[in-house]
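This report refers to the structure that appears directly beneath it.
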Amino acid sequence: MSDKTTTRFAPSPTGWIHIGNLRSALMNFMIARKAGGTFILRIDDTDPNRSKEEYVDGIKRDLEWLGLHWDRVERQSLRLEKYHEAAEKLRGMDRFYEAFETPTELDLKRKKQLNMGKPPVYDRAALALSGAQKEALRADRGDGVWRFKLLQERIVWTDGILGDVSIDGASVSDPVLIRGDGQILYTLASVVDDTEMGVTHVVRGADHVTNTGTQIQIMEALGGTVPTFAHHSLLTGPQGEALSKRLGTLALRDLREAGIAPQALLSLMSRLGSADPVELRTEMAEFIEGFDISRFGSAPTKFDAEDLKPLTAKYLQCLPLDAVADEIRALGVPDDKAAQFWAVTRENITTLHDLGPWWEMFAKGAEPAIDDEDREFIAQAMTMLPEGPYDADTWGNFTTAVKEATGRKGKSLFMPLRKALTGQAHGPDMSAVLPLLQVIKARG
């Protein structure tokens, strides 16, 4: 690969980017950046009824959040003339023909072929229509769809992940490239763009393999250079279930709002499905340097959003105070307590959202958790706790005094006191917690 390497991410602005889209975006981005090439964000907005600007803005926001910065943006809605020019070229080559079957008629044909044990491939009946028949059908049904006439021969390519791939052109229906209402469909627009924009590498999901075969023939017919294709495995849920019904909850914007760190998401998705272990990385240069598409396999890959939480927690533990100072200040933590607050909480949170409950406990006091057998002990101990403010030595001095007065020691001493002061059985070192407690409800 060289600095002429060009890749693209071509989302449709009909919804939010989800975890499945990210796989393609990330791989294409990494290939371009590792080669010092160009990464294009290409908005597939040829469907005017479903495309929305809010989704375009959301796509950009999600990519920027992850640090997947593009070199330029292209809009397919601004290139319709190019697609019509390509369509005319195909018509002139007798590789493009109009067909008028209704969806019901096509469905009946497919069922009949399946019942006869044949593959459900379009029978090219439209090629036998005379000019008069086409005019009559057009008058009766309106404009037909336009299909690309495939050469019924083997289509072969060496895939960056799947290896050698071969598809029999005779086993695939001639693809519809323009709908009856005139809308340009993805296959034609993508081929024209990939050719004219000099795209050298295309990475996408394994569900596009057959589509790639037809696109290769269209590219060759238009005189374009076929890029290097790679088809990554599809993601499943943690139990191997299809993700399609869960993608609404796996939109990147939802993961962001849930507090998942972008570094955690990149660390997981840049390795998931490959032969390499998932390891937390924090710098984009590390992700790019460690990326190798040949390390990815073709088997369905399990994705569990829960795996993002420990990675996020590990990332947060590495952050200095100044990286989270704004979030901490927004909670109302005084500047003079911010450093100690972060030191106490950083290893006891999964996301930054968890900081809020911690400060609430420190600022307003925790509801004591006192077992019946410890009530007298806690009542006595609380009379021995001095008034604040507290420092790093207060906890040690306090527990020593309580131990001497009650004879308790070890877990029977420390656990009830922790639960009474924080409402929790486990947590940070109490010598660091006590100086942050503004209110102690256990005093009664």
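What residue among 236, 312, 104 has the largest mean-square fluctuation in a Gaussian network model of the chain, using Cα springs under 10 Å?
Judging by the Gaussian network model, the answer is 104.
Quote the FRET efficiency, to the nearest 0.05, computed for residue 206 versus residue 411 with a Förster distance R0 of 56 Å and r equal to the Cβ-Cβ distance.
Numbers: r = 54 Å, r/R0 = 0.97.
Working from the Cβ atoms, E equals 0.55.
How far apart, in nm, are two points set 7 Å out from the Cα along the Cα-to-Cβ line at residue 353 and at residue 318?
2.3
Per 0.36 nm of contour for each residue apart, how much would the distance between residue 53 and residue 397 grow if the chain were fully extended, relative to their Cα-Cα spacing? Display every interim value, and only then the final one.
Working: separation 344, 0.36 × 344 = 123.84 nm, distance 6.23 nm.
Taking 0.36 nm per residue and subtracting the Cα distance, the gain is 117.6 nm.
Output wanted: per-residue J couplings in Hz (rounded whole) for segment 49-57, from phi through Karplus 6.51 cos²θ - 1.76 cosθ + 1.60, θ = phi - 60°, x for Gly and Pro.
Karplus values, whole Hz, x for Gly and Pro: 7, 9, 6, 9, 5, 5, 6, 4, 4.
I need the shape label for segment 244-316. Rule: rounded when a/c is under 1.5, else prolate if a/b > b/c, else oblate, with a, b, c from the alpha carbon gyration tensor.
Numbers: a/c = 2.03, a/b = 1.16, b/c = 1.75.
Oblate shape, in that a/c is at least 1.5 and b/c is the bigger or equal ratio.
Which pairs break 26 Å Cα to Cα here: 409/441; 111/149; 337/441; 337/403; 314/337?
On the way: 409/441 23 Å; 111/149 22 Å; 337/441 21 Å; 337/403 29 Å; 314/337 23 Å.
Pairs exceeding the cut-off: 337/403.
Excluding residues on the same chain fewer than 8 positions from residue 60, give the lysines whose Cα lies under 22 Å from its Cα.
Qualifying lysines at Cα under 22 Å: 34, 52.
Please work out the FRET efficiency for the pair residue 373 and residue 239, using the Cβ-Cβ distance as r and a Förster radius of 51 Å; give the result to the nearest 0.05.
Given R0 = 51 Å and the Cβ-Cβ separation, E is 0.75.
Could you give the length gained by full extension between residue 130 and residue 78, i.e. 0.36 nm per residue of separation minus their alpha carbon distance, to one decimal place? Kindly include the intermediate steps, with their values, before the conclusion.
Details: separation 52, 0.36 × 52 = 18.72 nm, distance 3.51 nm.
Full extension of this stretch gives 15.2 nm more.
Let me test this: with uniform point scatterers at the alpha carbons of segment 321-366, what is the Debye-based log₁₀ I(q)/I(0) at q = 0.17, 0.26, 0.28 1/Å?
-0.39, -0.99, -1.16
Near the amide H of residue 201, under 5 Å away, which other amide H atoms are found, from residues 5 or more places off or on another chain, if H is placed in the peptide plane?
Distant-sequence amide H within range of residue 201: 6, 228.
Top mean-square fluctuation among 20, 410, 213, Gaussian network model of the chain, C-alpha springs under 10 Å?
In the Gaussian network model the winner is 410.
Cα convex hull of segment 173-219: how many Å³ per residue? Mind dumping the intermediate values first?
Numbers: hull volume 3.9 nm³, N = 47.
Taking only Cα atoms, segment 173-219 has a hull volume of 83 Å³ per residue.
Quick one: what are the phi-derived ³J(HN,Hα) couplings along segment 192-202, Karplus 6.51/-1.76/1.60 with θ = phi - 60°, whole Hz, x for glycine and proline?
Rounded to whole hertz, the list is 4, 5, 4, 5, 6, 8, x, 5, 9, 9, 10.
Which lysines does residue 109 reach when only Cα atoms under 18 Å apart count, and residues fewer than 8 places away in its own chain are ignored?
118
Between 80, 316, 250, where does the largest GNM mean-square fluctuation fall for the chain, given springs only between Cα atoms within less than 10 Å?
80
Say each of residue 278 and residue 302 gets a label point 7 Å from the Cα, pointing the same way as Cα to Cβ; how far apart are those two points in nm?
1.1
Taken together, the values in this text are just the output of simple stated rules run on the coordinates, not laboratory data. None of the values given here were measured: they were computed from a predicted structure. Virtual Cβ from ideal backbone geometry, glycine too; neighbours counted across all protein chains shown.
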